[in-house]
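Structure, as structure tokens:
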Amino acid sequence: CPALGTIPSNECRQWRRKADRFQGTNTLRVQMFKACNRCPIKLREKDTSK
């Protein structure tokens, strides 16, 4: 994870889902929104879903 380092894959998946919509409710959500949307894993997901 670009923001948190090594995390379990299920936690990564949860953050990627949350990053689909921006919610500025706390600093961690904002940080993860930015990190997830430039993460290679999420970018690969977008490429395969087209």
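The values are calculated or read from the model by the stated rules, or taken from the named source; none is laboratory data. All figures in this text were calculated on a predicted structure; none of them were measured in a lab. As a convention, Cβ positions derive from the backbone with ideal geometry for all residues, glycine included, and neighbour counts pool all protein chains shown. Keep in mind that these areas ignore ligands, DNA and RNA; they rest on the heavy atoms of the full protein, side chains included. Shrake-Rupley method; radii C 1.70, N 1.55, O 1.52, S 1.80 Å.
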For this session: Assign unit charges at the C-beta atoms only (+1 for Lys and Arg, -1 for Asp and Glu), then state the dipole size of the chain relative to its Cα centre in Debye, rounded to the nearest 20.
Result: 140
Exercise. Counting Lys +1, Arg +1, Asp -1, Glu -1, what net charge surrounds residue 40 among other residues with beta carbon under 14 Å of its beta carbon?
Worked result: +3
For this session: For the chain, give the percent of accessible area contributed by carbon and sulfur heavy atoms, probe 1.4 Å, rounded to a whole number.
Result: 51
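I need to check one value: relative contact order of the chain, counting alpha carbon pairs closer than 8 Å and at least 6 residues apart, in percent. Mind showing how you got there, number by number?
Details: 32 pairs, mean separation 19.0, N = 50.
The normalised contact order for the chain reaches 38 percent.
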For this session: May I ask you to give the solvent-accessible area per residue for the chain, in square angstrom, as obtained with a 1.4 angstrom probe?
Result: 76
For this session: Can you tell me the 0 to 90 degree angle between the C-alpha axis of helix 9-18 and the longest principal axis of the chain, rounded to 10?
Result: 80
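Using alpha carbons only, what's the Rg to Rh ratio of the chain with Rh from Kirkwood? Display every interim value, and only then the final one.
Working: Rg = 10.5 Å, Rh = 11.0 Å.
In the chain, Rg relative to Rh is 0.95.
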